[in-house]
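Written below as structure tokens is the structure these notes are about.
The values are calculated or read from the model by the stated rules, or taken from the named source; none is laboratory data. Quick caveat: nothing in here was measured; it's all calculated off a predicted structure. Cβ placement follows ideal geometry from the backbone for every residue including glycine, while neighbour counts extend to all protein chains displayed.
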Amino acid sequence: MTENEFQNKTVCVTGAGRGIGKALALRLAELGAKVIAISKSDENLKQLVALNNKISPVCVDLCDWNATKEAIKPHLPIQLLVNNAAVAILHPFLEVKPEDFDVLFNVNVRSIICVSQEIARDLIERKLPGSIVNVSSQASAAGLKDHSIYCSSKAAVDGLTRVMALELGPHNIRVNSVQPTVVLTEMGRIGWSDETKAAGMLSKIPLHRFAEVDDVVEPIIYLLSNRSAMINGVGLPIDGGFLAT
């Protein structure tokens, strides 16, 4: 990383209260960025700020379009954005409920549009460059049992990423996505603690391991940085080779 590259840059991270978002917010703050951390959990934000009091917490429900835009405005301009917030509701296809569909697409897709619009419009007006990273999943490109809506929402994230890259690129705003496999966050360790369940997924990953949080954080930082200045519209698998099999 170029020395001081993130100094004087404002970075917004959604879903920053825990997991990948939390680790990413802390790492970016360590690199000197001014970090705007968005979460709907005030308690999670308090715990994050306790670890680094230079991080600016923003507590808002990303499903609330107008409240989200109003919460972002005081922090503009924001040159770097990571749309990390997501939820998963797992059911067999024949048991999918319309309300589950609405929740997943509101958080996993619609919130990306909401946050990115507000930030990108401001950058264009100020004629500033930017970089946006959308956190997708290997589930965007592979069918996973009981993941009907989740897979659909993440495929939508990758489609959205390509169009954003096409339309925002002429304004010097790059947009890419990352596609992690199972990530061993606190929740991930609990969810995949069953050895039989884990073995089925691990057998499809050539590196035969799940991702640690830093395995995802560092590629995101690379895509935010000037080192990836010619990378735009890409979906980057972080899956140990899962999608290659």
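When the criteria are applied in full, T181 fails the requirement of being modelled with pLDDT under 95 and of a type in the set (S, T, N, Q). Taking the options D64, D102, name whichever one is surrounded by 15 or more Cβ atoms within 10 Å (Cβ to Cβ), out of contact with any strand residue (DSSP E or B) (no Cβ under 7 Å at 6 or more places or on another chain) and at pLDDT 95 or above. On inspection, the qualifying residue turns out to be D64. Contact map, the range 184-208: first residue part of a helix (DSSP H, G or I), second residue among the β-branched types (V, I, T), Cβ cut-off under 7 Å, separation 6 or more or different chains; pairs are G188/V182; M201/V182.
Every condition in (1) out of contact with any helix residue (DSSP H, G or I) (no Cβ under 9 Å at 6 or more places or on another chain); (2) surrounded by 15 or more Cβ atoms within 10 Å (Cβ to Cβ); (3) in a loop (DSSP other than H, G, I, E, B) holds for N53 except the one numbered (2).
Please verify whether I221 is touching a Lys or Arg at 6+ places or on another chain (Cβ under 7 Å) and outside any loop (DSSP other than H, G, I, E, B), treating the condition exactly as stated. Yes. Of everything in the range 12-45, what is touching a strand residue (DSSP E or B) at 6+ places or on another chain (Cβ under 6 Å), surrounded by fewer than 24 Cβ atoms within 10 Å (Cβ to Cβ) and aliphatic (A, V, I, L, M)? Give them in sequence order. Selection gives A29, L45.
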